[in-house]
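The values are calculated or read from the model by the stated rules, or taken from the named source; none is laboratory data. The structure displayed is predicted, hence computed values, not measured ones. Neighbour counts run over all protein chains shown; Cβ positions are idealised from the backbone, glycine included. Areas reflect the complete protein model, heavy atoms only, side chains present, ligands, DNA and RNA absent. Shrake-Rupley method; radii C 1.70, N 1.55, O 1.52, S 1.80 Å.
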Amino acid sequence: MDLSFTPEEQTFREEIRAWVKQNLPQEISHKVHNALELTRDDLQSWAKILGKKGWLGYGWPTEFGGPGWTAIQRHLFEEETALAGAPRIIPFGPVMVAPVIMAFGNAEQQKRFLPGIASGEVWWSQGYSEPGSGSDLASVKTKAERQGDKYIVNGQKTWTTLGQYGDWMFNLVRTSNEGKPQTGISFLLLDMKSPGVTVRPIKLLDGGHEVNEVFFDNVEVPAENLIGEENKGWTYAKHLLSHERTNIADVNRAKRELERLKRIAKSEGVYEDTRFRDEIAKLEVDIVALEMMVLRVLSAATSGKNSLDVAGLLKIRGSEIQQRYSELMMLAGGPYSLPLIREAMEAGWQGNFPGGNPALAPLTSTFFNMRKTTIYGGSNEVQRNIVAQTVLG
């Protein structure tokens, strides 16, 4: 593989960099670079800025209103926005459900749902995991019964990320109990403002509210919101999960956080410790290797080859890297990384510990939060089995 960028690609990178510098709000960039909590307004503000430019669906083909960029251009866009301190695009709409609607939805569904996703106006949530159905997603029990021109949905979803902000939700629901579990699942789009939908927060260890439980009590969903064919949802779910697991790799955020780790290590005087710097070097090598793998996947996808078999491998390596850099930051900060008073931090006061750096205050929250990465999107233990079976044979 030729890893050098062409002059045209370098020009494209510079154009992206200049546009992001001009349009990314400085207060949002400051929060991202310092791992401060982003509000819904922060996230949606950046989404709408990208949407107005036509770049929120940066991976979309032109026929659906996207820029039609190549795999390399998409990678450069992701890299430049991440390094500039832009928030990570909330993937549920533009990265996850949109490709499913494009591939399996009918023309009316595409016309109805894609514009709101592309503009950043409509916030989507994911309804996959349930109590007892996480990595074993085929065992979902949320039931959708067809009654005339509508479905009646009953059940529960859990770990719904940012579901408290959701306008719409894409759901895996059980429409049949016959045959293998995978053959009775359908893919349904649900308005979260419908009567019978209850969103209940799950408080995290650091006191944050990022995930939720969502309950459905006789929720009426028009049958026209069914994507594709009834009982074929498992096929659509696998298509979506391949995009989710590639997205979880998040190599460009890892590159940005690597630089943050180096800054913290230098400010805390541990960068000159040879053994600690060895750990940073090993992490950097793994990030470069992950980037090469992502480029290979994107290149294969562009050429029409099936590259999705290694999506699980990307998820494994990317999630482990996220845990490692958050742990190394904690080690660099030492005891000064331990205090966490969420209310004070949200108010802008991060402590005045003798000899301590206020920038270390968010490290505990990030460290705890990254414990999830090897579990969500399919636990790494399960992903290793899948890689062994589908890639190694």
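Quick notes on this structure:
- Candidate lysines for bridging to Lys111, where Cα separation is under 27 Å - those fewer than 8 sequence places away on the same chain excluded: Lys48, Lys52, Lys53, Lys150, Lys193, Lys232, Lys238
- What the Cβ-Cβ distance of Glu178 and Asp273 gives, at R0 = 35 Å and to the nearest 0.05, is a FRET efficiency of 0.05.
- Modelled this way, with points 7 Å down the Cα-to-C-beta line, the labels at Ala281 and Thr198 are 5.7 nm from one another.
- Among beta bridges that DSSP assigns inside the chain, antiparallel share in %, nearest 5: 85 percent
- Per-peptide packing, taken as the mean over residues of other Cβ atoms within 10 Å, places 176-185, 248-257, 218-227, 135-144 in the sequence 248-257, 135-144, 218-227, 176-185 from highest down.
- Alpha carbon convex hull of the chain, projected area averaged over orientations, nm²: 20.4 nm²
- If only the Cβ of Lys and Arg carry +1 and only the Cβ of Asp and Glu carry -1, the dipole of the chain around its Cα centre is close to 200 debye.
- Carbon plus sulfur fraction of accessible area for the chain, probe 1.4 Å, in percent: 52 percent
- Mean separation of Cα contacts under 8 Å (6+ apart) over length of the chain, as relative contact order %: 14 percent
- From the alpha carbon centroid of segment 273-292 to that of segment 1-49 is 24 Å.
- Helix-only CD estimate at 222 nm, as mean residue ellipticity for the chain, using -39500 (n - 2.57) per DSSP H run (n ≥ 4): -15000 deg cm²/dmol
- The residues of the chain have, on average, 48 Å² of accessible surface per residue, using a 1.4 Å probe with all protein chains present.
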